[in-house]
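Single-structure report; data block below.
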Amino acid sequence: MTRTYITVSIPYVNAAPHVGYALELVEADAVARHRRARGEDVRFLGGTDDHAIKNALAAEAAGVPVADYVDANARRFEALRRPLDISFDDFIRTSRDPRHVRGVEVLWRRSLATGDLYRGLYEGLYCVGCEQFYDAADLDDGRCPDHEIEVEPVREENWFFRLSAYTAPIRDALTSGRLRIVPESFAHEVLAQLDRGLVDISVSRSVERARGWGIRVPDDPSQVVYVWWEALTNYVTALDVAEPTSQAYHRWWHDADERIHVIGKGILRFHAIYWPALLLSTGQRLPTTIYVHPYLTAGGRKISKSLGNTVDPAEVIDRVGVDALRWWLLADVPRAADADYTDDRVSERAEVDLVNGVSNLAHRVLTIAHRPDRRLPAPRRHDLDLRDHVDAFDFRGAIGRINAFVRAANAEVERTKPWQLRTDDPAFDAVVGDLLGRLVALAEALEPFVPDTADRLRRLVTADAHGRLPVPEPLHRRRPR
């Protein structure tokens, strides 16, 4: 049996979650559900990045102890699994989970033992939003190009990681296919960064600048581990990497067939360069795939906690419904280009595809098939294979095939005209059995994308012990405008 480990990035909890992060959760969840449905052994991990300077600064501004502030926001991120129907198998809190603290310390000592960590003086321009240093040439009029905030000059003594030693090994992993970045345009972006050469990076911060918040560097209490070195390790600390005999680590990382990270394009460098280097430094296997998604925007600007233009996904779901939001995120957001979010776009896509398409087809067929006085024929098997699309993270292509399947089924209803057949005519059983089989296949195909709709459709096409279907009911209703 194929064994697959799927992770999403762990977000900062300096503010409430926004709908842009829902895109990542839903895409990863669709992959996890699809792979489980086809018989793979899957583990799906989520979590929160608690140890960030920006978290401590936000707590300070709010006048709240940082641990309390982080706990409150982290609970809101974890709670998203329910309204969004996210099928996590595990969820790690980096400030709360003892697996994480142990794992960070063990990995730090391993990297130190290989000679990849050393003390040095650093002076540079720092963006608190990104938690990284920038070259002046990479700034936009002195501002971070991503968060649109002014960077600040920082000078202090830190621990450094020999990132420069891993230029060739990372390039080899990418060009050989051992590490795949999807879409390919992002792989080209990483290779271009490697061609420019890697420099060593600072991987700790002073306790004073970190406000005392973070995991202390082993044997150096004056420093905390840099959040991007620490946070990336969650993918293996959640598997008890600190324990030499950890079954979870061997099962889901070392011996897994696939190790898939789903991330946003803004953190590509960290996951495609820093993380592989850290893994190589500590003697671990690399991920097999990094899938990179674009941003959601509002009015053409990235939806971001830092920019203050966030949209609460739980409130969106209250307005438009969970399956409408999931469907739009998967059906309309391009693989490599940003998409502008509005409630109207979500509702319009749901009305076209789910109300006029899926729900209308199901109601037509089930109304014809519902005969309380007689046993129905067994549904004829139909296949709606979306594996190639899902494995390529081509969610729009998968949704397109589902919509084409619905259109073909509606055309078959029009061609066969079952309402004109007598219910005791053998032709009626043949036609109805074929149409019911199409609905069964449709329910199976929908499950990874809109699990609630799929579950309700599955119940409507499942006959009781007497071979009779329940009374048909609409799967979706049009929402008032």
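The values are calculated or read from the model by the stated rules, or taken from the named source; none is laboratory data. Values in this document were obtained by computation on a predicted structure and should not be read as measured data. Glycine gets a Cβ as well: all are built from the backbone with ideal geometry, and neighbour counts include every protein chain shown.
The criterion of being surrounded by fewer than 22 Cβ atoms within 10 Å (Cβ to Cβ), modelled with pLDDT under 95 and closer than 19 Å to Y274 by Cα holds for G197.
Could you please let me know if G264 is modelled with pLDDT of 95 or more, buried (at least 19 other Cβ atoms within 10 Å of the Cβ) and either in the same structural domain as Y126 (by TED's automatic domain parsing) or aromatic (F, W, Y) (or both)? When the stated conditions are applied, G264 passes them. Would you be able to say whether some residue in region 436-444 is more than 30 Å from S347 (Cβ to Cβ) and not assigned by TED's automatic domain parsing to the domain that holds R81? Yes, some residue in region 436-444 is more than 30 Å from S347 (Cβ to Cβ) and not assigned by TED's automatic domain parsing to the domain that holds R81. Do we find a residue being outside any helix (DSSP H, G or I), assigned by TED's automatic domain parsing to the domain that holds L23 and under 18 Å from the mean Cα position of the chain (by Cα) anywhere in region 63-81? There is at least one residue in region 63-81 that is outside any helix (DSSP H, G or I), assigned by TED's automatic domain parsing to the domain that holds L23 and under 18 Å from the mean Cα position of the chain (by Cα). Where helices (runs of 4 or more DSSP H) sit wholly within region 366-481, those with at least 3 residues that are basic (K, R) occupy 395-416, 451-460. Listed conditions (1) surrounded by 19 or more Cβ atoms within 10 Å (Cβ to Cβ); (2) in the same structural domain as A231 (by TED's automatic domain parsing); (3) over 16 Å from the mean Cα position of the chain (by Cα) are all met by A324, apart from (2). Selection within region 234-245: residues that are under 14 Å from F91 (Cα atoms) and either among the β-branched types (V, I, T) or not assigned by TED's automatic domain parsing to the domain that holds W275 (or both). The member of this set that is surrounded by the most Cβ atoms within 10 Å (Cβ to Cβ) is V236. When A336 is tested against the conditions (1) assigned to a loop (DSSP other than H, G, I, E, B); (2) crowded, with 18+ Cβ neighbours inside 10 Å; (3) under 22 Å from the mean Cα position of the chain (by Cα), the lone failure is (2).
A Cβ distance below 7 Å, combined with a sequence gap of six or more or placement on separate chains, defines the contacts here; from region 100-128, residues that are in the same structural domain as E157 (by TED's automatic domain parsing) and in contact (Cβ under 8 Å) with a residue 60 or more places away in the chain reach residues that are acidic (D, E) and assigned to a helix (DSSP H, G or I) in the pairs V104/E230.
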